[in-house]
Structure formats: structure tokens, C-alpha cells
Amino acid sequence: MLEITHLSKTYGSGDRATRAVGDVNLTVGEGELLVVVGPSGCGKTTLLKCIGGLLRPTSGDVKLNGKRVSGPPEEMALVFQDYSRSLMPWTSVRNNVLLPLRHKKLSRTDRTRLVEDSVEAVGLTRFVDHYPWQLSGGMQQRVAIARALAYQPSILLMDEPFASVDAQTRGDLEDLVLRVRDEFGITILFVTHDIDESVYLSDRIVVLTHAPTVVKEVVGVELPSPRDQIATKELSEFASQRAYVYRLIKHDTTAPDPSTLVDAGLHE
Amino acid sequence: MSARSWRLVKIGAEILVPVAILLAWQLWTASAHQPRFPRLSTILVQFREMWLFSQFGEHVVPSLVRILAGFAIGSLIGVALGIPLGLSTRARRAAMPHIEYWRAMPPPALLPISVILAHSIGDRQKIEFIAFFCIFPVLLNTIAGIRAIDPTLVDTARSYGIPRHERVRRIVLPAAFPQIMAGLRVSLALAVIMMVLTEYFSSTNGVGYVLLISKNTFQLVPMWAAIVLIGVIGYLINFVFLLVERRVLAWHRGWRAALPD
């Protein structure tokens with residue numbers, strides 16, 4: 001359903017040009033949970049912003065259901081890493097979730113129902129009238145996920161969404177993503193630098209190289225569903241998959257270009 | 001000392017220090033017999049007679065109307081201009097020199113032209129004059145507030161395809177609001193100054209006018225009473241503004257307190 005062909009992105013021009021994304025080809029199938037993993041500062045966020053229509057790629061194409069993406073498509077929702085900055089601090093959880101629905105052609109009751117359902121799906125019904133900053137980091141990211149769900153996208157893009165929460169919360173949120181994907185039948189493109197997370201969540205892993213990034217390898221993950229934080233991670237297949245991906249990233253022979261340092265700054 | 005009693009001491013000091021100063025002034029003026037410095041008690045009696053009863057409607061009300069109308073109009077224009085200038089680098093580049101020029105203009109320099117342009121020394125001229133100078137603090141703070149909006153928030157709004165006018169209403173203005181309030185507060189103080197200035201320059205009523213007339217006729221007690229009143233107006237207006245700000249920016253205090261450093 002999502003097709004990325006020969007996508008590249010260069011910031012600036014002339015001597016100061018920084019090539020963040022080299023030449024990326026990948027496809028995401030309907031209902032798939034595809035995890036993109038790569039070394040820190042390899043251009044993952046840039047790639048995701050191009051896919052989400054927030055950045056115009058220097059060359060190449062992003063096609064969603066056969067239609068070329070030229071701006072943020074309606075079937076797509078994005079969850080950013082920095083939950084505290086993507087939520088509006090001046091208004092309640094309810095209004096934050098409601099934000100992307102206000103301009104959609106929906107009846108008032110539909111809107112209310114969507115907000116309530118998606119807040120319930122992330123387990124925050126009790127906190128719907130709180131301000132986001134009254135909640136913990138993990139809960140704030142749940143709000144951001146609820147907002148994305150309320151928008152009813154067919155594909156969800158997640159940019160290192162759990163990079164700034166603690167390990168236990170992270171496990172809970174990973175399970176939330178898996179559950180939500182089954183419940184809502186959403187396709188998910190998940191970007192992370194955490195190898196465990198990539199193996200645990202995915203149907204397929206796309207391993208990227210250093211910037212200017214290209215796809216190094218696509219790894220199929222054959223772990224039984226439903227996944228479980230303890231049982232799945234105990235499996236020897238989990239360990240071997242993890243080791244395999246780790247080696248791919250660690251022994252990345254494409255030398256890190258000095259310009260990656262500049263690119264890393266883009267993630268701040 | 002416990003937190004509670006420390007609090008009491010602080011509140012006590014807040015009340016007692018001004019009272020002590022006023023008392024000292026009263027004692028000094030009573031003993032010095034200086035006509036230029038009438039007794040505080042004499043000023044206060046005059047104050048009550050002039051402002052609380054006979055001349056309240058004639059002089060105080062017009063001054064207040066001018067302050068508030070000028071402030072309201074100037075602030076609205078400031079925000080309305082600040083939105084496009086905050087959002088567009090190109091527009092900002094074109095407009096900034098003009099803004100800096102007029103902002104640097106000392107207000108009294110524009111008083112004569114203000115009277116000539118308005119063809120009057122009535123309410124209209126005064127409100128226009130006050131409004132003009134109230135624009136700048138609000139305008140500059142609106143621009144700064146909009147420019148400081150977190151790009152993640154803007155990206156979020158864009159990715160959800162939120163139309164431009166909705167983005168301005170739901171994201172841009174609320175996000176810039178704390179800074180806009182800072183501008184409003186400066187403008188409100190300016191409005192009081194401009195009120196006195198325009199009325200002192202040319203007027204037929206108002207507190208500034210009373211100040212001028214009593215000075216010109218060497219009526220020092222009414223003059224002092226006018227000075228006291230102007231101070232009181234400025235103080236009360238700021239006080240009310242802070243009360244409003246506390247309410248509407250309650251989220252901002254909570255949010256900042258919750259930020260990790």
C-alpha cells in the first residue's frame with residue numbers, strides 16, 4: 001500500500017549540501033508492521049518526514065495506494081518522538097485528541113465517539129480532562145497515539161516514539177502498539193534505533209546504513225504472535241534475530257560521512 | 001521560622017512598609033510647612049472631594065475610557081498585524097524597518113500631528129494616539145511568540161492536514177498567547193502614560209487636564225491629588241490585569257513547572 005522508490009533527500013546546495021537520505025526503496029504491505037532501524041543520525045527522521053509529506057524529497061517518489069504523496073495525506077497519521085512538544089499544553093487531553101477531527105466532515109456525536117474510543121483504546125479515559133503536562137511521559141505518548149487513532153488513518157508513521165520513556169513504560173507502549181494494530185487493523189511504519197524493539201514489534205525489519213542512508217537489508221521476522229514481553233524475548237529465535245540485526249548495523253562498512261554529524265542535529 | 005509565619009511576615013511587610021512611608025511623609029509635611037509639599041492628609045481630603053464625588057464623571061471617566069479604548073484598539077491591531085508578520089519571513093523582512101522606525105519615535109513628537117490629523121482635541125484624537133503607541137509592544141511580542149512556536153507542534157498540525165485558519169486559531173495564537181500577554185501588559189502601562197500626555201498637551205477634560213490647569217493656577221493641593229490619582233489608576237489597572245493573567249495563563253505556569261529543566 002505504501003511504495004517508496006529511489007527516494008533521496010539533500011539539505012542545502014553547493015558546498016554545504018548534506019545528503020541525508022541516499023537512495024531508499026521499500027514497500028509496506030497492507031496491515032503490515034514494518035520497522036525501520038538504523039544507526040543514530042542516519043537520516044531516519046528525514047526519511048519519515050519525506051514519507052509523511054512534511055518534506056519534499058530531492059528525488060524519488062512516495063506512493064500511497066498508488067497515489068503520489070505531495071503533502072500530508074489524509075490516510076496517514078504521524079506520531080513524533082517528542083510527545084511533550086507535539087501535544088498542546090494549553091488544553092485538555094480531550095481537546096488534543098479532538099484537534100485533527102475538527103476540520104473533518106463529521107457529526108458532533110461521531111467526533112465525541114471517536115475521541116472517547118481512542119482515549120479508551122490507550123487506557124486514558126480517566127485522564128481525559130487533564131492537561132497533558134499533568135501526565136507522565138508514557139501517558140503523554142499514549143495521548144499522541146490516541147490522537148493519531150482518532151484521525152482514523154490507514155497507515156500510522158511512528159518516529160522513535162518510545163525513545164524518551166523508561167524501559168518498563170516502553171514495554172507497555174510496545175504492547176499497546178501491537179494491540180492497537182490488531183484492534184484497528186492499521187498498517188504501521190515504525191522507526192527506531194533500538195534493535196530489541198525492532199525485532200519484538202515487527203513483521204519485517206528494514207535495516208538502514210549510515211547517512212546518506214540506503215536500505216542495507218530487509219529482514220523477515222518469524223516470531224509467533226501474539227508477542228509477549230517475557231515469553232517472546234526468551235525464545236532463541238528472538239536472540240538470533242536480534243544478533244543478526246545487531247551485526248548488520250554494527251558491521252556497517254559504509255563509513256560514517258562527516259556530514260552525518262550535521263544530520264544528527266536535525267533530530268534535536 | 002515556619003513557612004506559615006514567614007508568609008505572614010512577608011504579607012505584613014507588604015502592607016506595613018507603604019504605611020510607614022506614608023506616615024513618614026505625613027509627619028514630615030506636617031512639620032515642614034512647605035507649600036510645595038502639602039500635608040498628605042490635606043491631599044487625601046482633596047482627593048476624596050475631587051475624585052470620588054464631584055469630578056469623577058467629568059474627569060476620571062473620560063480618562064479611563066481613553067485608556068481602555070486606546071489599549072483595546074491598539075492591541076487588536078497589534079495582534080492582527082503580528083500574525084502574518086510572525087508567520088512569514090518575507091513579510092517580516094519588509095515590515096521590520098518601518099516598525100522599528102515608528103517604535104523608536106518618542107510619543108510627544110507625534111502629538112502635534114495627532115491633533116492636526118484628527119482635527120480635534122477630543123476623545124477621538126486621544127484614543128487614536130494612545131492606540132498607536134499600544135500597537136508596538138503587542139505587535140513585537142506577537143511576532144516573537146509566533147516565531148518561538150515549537151516546530152514539532154507545527155509539523156503535527158501540518159501532518160493532520162489542519163487548514164491554515166484553524167492552525168492559526170487552534171495552535172499559533174494559543175501557543176503565542178503567554179508572550180502576547182506580556183506585550184499587553186506593557187501596552188497597558190503605556191496607555192496610562194499616553195492618556196496623561198495627550199490630556200496634558202491639549203484637552204478640555206480628564207485627569208491630565210486637571211493636572212495641567214491646577215499647575216498653571218498654582219493650586220498645589222489639587223495638583224497633588226491628581227498625581228496621586230494617576231498613580232492609583234496605573235496601579236489598579238495593572239493589578240486587575242495580573243488577576244486576569246493568572247486565570248488565563250494558569251496552564252502556562254503548570255506547564256513550565258512540569259518541564260524537565
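The values are calculated or read from the model by the stated rules, or taken from the named source; none is laboratory data. Computed from a prediction, not measured in an experiment: that's the story for all the values here. We place every Cβ from the backbone using ideal geometry, glycine too, and count neighbours over all the protein chains shown. The accessibility values were calculated without ligands, DNA or RNA, using every heavy atom of the protein model including side chains. Shrake-Rupley method; radii C 1.70, N 1.55, O 1.52, S 1.80 Å.
Against the test of being in a helix (DSSP H, G or I), in contact with a helix residue (DSSP H, G or I) (Cβ under 7 Å, 6 or more places away or on another chain) and either within 14 Å of chain A (Cβ to nearest Cβ) or exposed (fewer than 13 other Cβ atoms within 10 Å of the Cβ) (or both), the options B:ILE73, B:ILE171 yield a single qualifying residue, B:ILE171. Residues of segment B:244-261 that are of a type outside the set (Asp, Glu) and either open to solvent by 90 Å² or more (accessible area, probe 1.4 Å) or on the phi > 0 side of the Ramachandran plot (or both): B:ARG246, B:ARG247, B:ARG253, B:ARG256, B:PRO260.
Condition test on B:VAL240, is it at pLDDT 95 or above, under 28 Å from B:PRO106 (Cα atoms), open to solvent by 40 Å² or more (accessible area, probe 1.4 Å) and not basic (Lys, Arg)? The answer is yes for B:VAL240.
Any residue at all in segment B:38-50 that is basic (Lys, Arg) and buried (at least 18 other Cβ atoms within 10 Å of the Cβ)? Yes - at least one qualifying residue is present in segment B:38-50.
Scanning segment A:113-136 turns up no residue that is farther than 17 Å from B:ARG167 by Cα, in contact with a Leu (Cβ under 6 Å, 6 or more places away or on another chain) and charged (D, E, K, R). Scanning segment A:183-231 for residues that are farther than 11 Å from A:VAL37 by Cβ, in a helix (DSSP H, G or I) and at pLDDT 90 or above gives a single hit, A:TYR200. Taking the conditions (1) open to solvent by less than 20 Å² (accessible area, probe 1.4 Å); (2) more than 30 Å from A:GLN81 (Cβ to Cβ); (3) modelled with pLDDT under 95 in turn, B:ARG66 satisfies each one other than (3).
The requirement of being at negative phi, open to solvent by 30 Å² or more (accessible area, probe 1.4 Å), at the interface with chain B (Cβ under 10 Å from one of its Cβ atoms) and under 13 Å from the mean Cα position of the chain (by Cα) is fulfilled somewhere in segment A:44-52, by at least one residue.
Scanning segment A:195-237 for residues that are within 25 Å of A:ASP117 (Cβ to Cβ) and either touching a Ser or Thr at 6+ places or on another chain (Cβ under 8 Å) or not small (Gly, Ala, Ser) (or both) yields A:LEU201, A:PRO226, A:ARG227. For segment A:37-64, residues that are closer than 13 Å to A:LEU156 by Cα and not in a loop (DSSP other than H, G, I, E, B) total 4.
For segment B:125-164, filtered to residues that are under 30 Å from the mean Cα position of the chain (by Cα) and within 14 Å of another protein chain (Cβ to nearest Cβ), the residue that is farthest from A:ARG147 (Cα to Cα) is B:GLY145.
For B:LEU211, the conditions (1) open to solvent by 10 Å² or more (accessible area, probe 1.4 Å); (2) touching a residue at least 24 places away in the same chain (Cβ under 8 Å); (3) under 22 Å from the mean Cα position of the chain (by Cα) are fulfilled apart from (2). Number of residues in segment A:148-169 that are within 13 Å of chain B (Cβ to nearest Cβ) and either polar (S, T, N, Q) or within 14 Å of the chain's Cα centre (by Cα) (or both) equals 12.
Screening A:THR192 against (1) in contact with a Ser or Thr (Cβ under 9 Å, 6 or more places away or on another chain); (2) open to solvent by 50 Å² or more (accessible area, probe 1.4 Å) leaves a single unmet condition, (2). Here A:GLY71 qualifies as facing chain B (nearest Cβ under 10 Å) and either open to solvent by 10 Å² or more (accessible area, probe 1.4 Å) or within 23 Å of B:GLY161 (Cα to Cα) (or both). Residue count for segment A:74-133 satisfying the condition of being surrounded by 15 or more Cβ atoms within 10 Å (Cβ to Cβ), of a type in the set (Gly, Ala, Ser) and in a loop (DSSP other than H, G, I, E, B): 1.
Here A:THR91 does not qualify as more than 13 Å from chain B (Cβ to nearest Cβ) and of a type in the set (Ser, Thr, Tyr).
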